[in-house]
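See structure below.
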Amino acid sequence: MAFEPLLSDVEAALFLGGLHPKTVQRMARRGQLPAYRIGRYWRFRASELDEWLRVQSRCQSDPPAQ
């Protein structure tokens, strides 16, 4: 596995389309985003956020079960 630098909450917010960093922190605290708590800071892997976005977009585009 190759080393992947971690993103700060500000960088993750930009990666997720310009969310506010506080929104990203809140989503991480609630377990809604893949994140790592390091001390008092939240850190994020871009690859995990990318996969999270793909899953979210699939869930929204899938029709409800009949």
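The values are calculated or read from the model by the stated rules, or taken from the named source; none is laboratory data. Just so we're clear, the structure is a prediction, and the values are computed from it rather than from any experiment. Using ideal geometry, Cβ is built from the backbone for each residue, glycine included, and neighbour counts are taken over all protein chains shown.
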Worksheet entry | the range 1-14 - residue that is at pLDDT 95 or above and not acidic (Asp, Glu) and, of those, surrounded by the most Cβ atoms within 10 Å (Cβ to Cβ) | Ala12
Practice prompt. Give me the pairs, please: first residue somewhere in the range 22-35 and within 12 Å of Trp52 (Cβ to Cβ), second residue anywhere and surrounded by 13 or more Cβ atoms within 10 Å (Cβ to Cβ) and β-branched (Val, Ile, Thr), beta-carbon distance under 9 Å, and either six or more positions apart or on two chains.
Written response: Leu33/Val24; Ala35/Val24
Worksheet item: Name the pairs whose Cβ atoms lie under 8 Å apart, with the first residue in the range 37-53 and at pLDDT 95 or above and surrounded by 11 or more Cβ atoms within 10 Å (Cβ to Cβ), the second assigned to a helix (DSSP H, G or I) and among the basic types (Lys, Arg), and 6 or more positions between them or separate chains?
Response: Trp42/Arg29
